[in-house]
1. Which residues, taken from the stretch 56-111, are closer than 19 Å to CYS28 by Cα and in contact with a helix residue (DSSP H, G or I) (Cβ under 8 Å, 6 or more places away or on another chain)?
2. Cβ-Cβ below 7 Å, separation at least six or inter-chain, first residue in the stretch 1-25 and in contact (Cβ under 8 Å) with a residue 60 or more places away in the chain and closer than 13 Å to CYS67 by Cα, second in a strand (DSSP E or B) and of a type in the set (Phe, Trp, Tyr): which pairs?
3. Please work out which one of (1) modelled with pLDDT of 95 or more; (2) in a strand (DSSP E or B); (3) exposed (fewer than 10 other Cβ atoms within 10 Å of the Cβ) is the condition ASN6 fails and give its number.
4. Quick check on the stretch 25-64: of everything there that is β-branched (Val, Ile, Thr) and under 19 Å from ASP105 (Cα atoms), which residue is surrounded by the fewest Cβ atoms within 10 Å (Cβ to Cβ)?
5. Which condition breaks for TYR70 when tested against (1) over 24 Å from PRO111 (Cβ atoms); (2) within 21 Å of the chain's Cα centre (by Cα); (3) free of Cβ contacts under 8 Å to residues at least 60 places away in the same chain?
6. Could you tell me how many of the residues in the stretch 73-109 are basic (Lys, Arg), surrounded by fewer than 13 Cβ atoms within 10 Å (Cβ to Cβ) and assigned to a strand (DSSP E or B)?
7. Need the failing condition index for THR36 against (1) polar (S, T, N, Q); (2) in contact (Cβ under 8 Å) with a residue 12 or more places away in the chain; (3) farther than 18 Å from LYS76 by Cβ, just the number.
8. In a strand (DSSP E or B), surrounded by fewer than 16 Cβ atoms within 10 Å (Cβ to Cβ) and of a type outside the set (Phe, Trp, Tyr), is that true of HIS21?
Amino acid sequence: MSGTLNKVMLIGHTGDEVKMHYFEGGNCIGRFPLATNDSYINKSTGERVTTTEWHNIVVRNKAAEICEKYLNKGDKIYIEGRLKTRKWQDEQGKDRYSTEIQCTDFTFLTPKNENQPSGATPQNTPQMNPPAGNPQGSSSDTPVTEEDDLPF
């Protein structure tokens, strides 16, 4: 081990749709902003103050395509990655810096039926009616499973 660690873990809400960039050879990257919030009570006024920190997230190749397909603005997501600072020059030739989170792993936390696109197909929605042959809804030998909103 080299004695250093560059690891970031964030849970936040996406601030925009994933913007894709494609390269020769079939590689691609996706970029989107992620908002994390912090709140505290102002001791002098007793008022709750909430601050928002914005993070630039970068995902690559297949992960980028998955994020583009399933992430919408406002969705909650868990991101793991590492910090990377890029240096670039603006139109005036001044050096600029951008710090990004290079995503290595992610988990969608918004339930899939909460922000479903309007064109969703019926087979993607869970069946809420009991089967026609069983008017009580479930038999004693059929285990009952409840839907929960846990991300795993």
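1. Once the filter is applied, which keeps residues that are closer than 19 Å to CYS28 by Cα and in contact with a helix residue (DSSP H, G or I) (Cβ under 8 Å, 6 or more places away or on another chain), the stretch 56-111 yields VAL59, CYS103, PHE106.
2. Partner pairs satisfying both residue conditions: THR14/PHE32.
3. (2)
4. So the first thing to find is which residues in the stretch 25-64 are β-branched (Val, Ile, Thr), and the list is 29, 36, 41, 45, 49-52, 57-59.
The next check asks that each one be under 19 Å from ASP105 (Cα atoms); those that pass are 29, 36, 57-59.
Details: ILE29: 18, THR36: 14, ILE57: 25, VAL58: 19, VAL59: 27.
Residue satisfying both the conditions and the ranking: THR36.
5. (1)
6. Taking the stretch 73-109 and keeping what is basic (Lys, Arg), we get 73, 76, 82, 84, 86-87, 94, 96.
With surrounded by fewer than 13 Cβ atoms within 10 Å (Cβ to Cβ) added as a condition, the list becomes 86-87, 94, 96.
Then keep just the ones that are assigned to a strand (DSSP E or B); that gives 86-87, 96.
Total satisfying the criteria: 3.
7. (3)
8. On the way: in a strand (DSSP E or B): yes; surrounded by fewer than 16 Cβ atoms within 10 Å (Cβ to Cβ): yes; of a type outside the set (Phe, Trp, Tyr): yes.
The answer is yes for HIS21.
The values are calculated or read from the model by the stated rules, or taken from the named source; none is laboratory data. Computed from a predicted structure; not experimentally measured. All Cβ positions, even for glycine, are placed from backbone atoms using ideal geometry, and neighbour counts span all protein chains on display.
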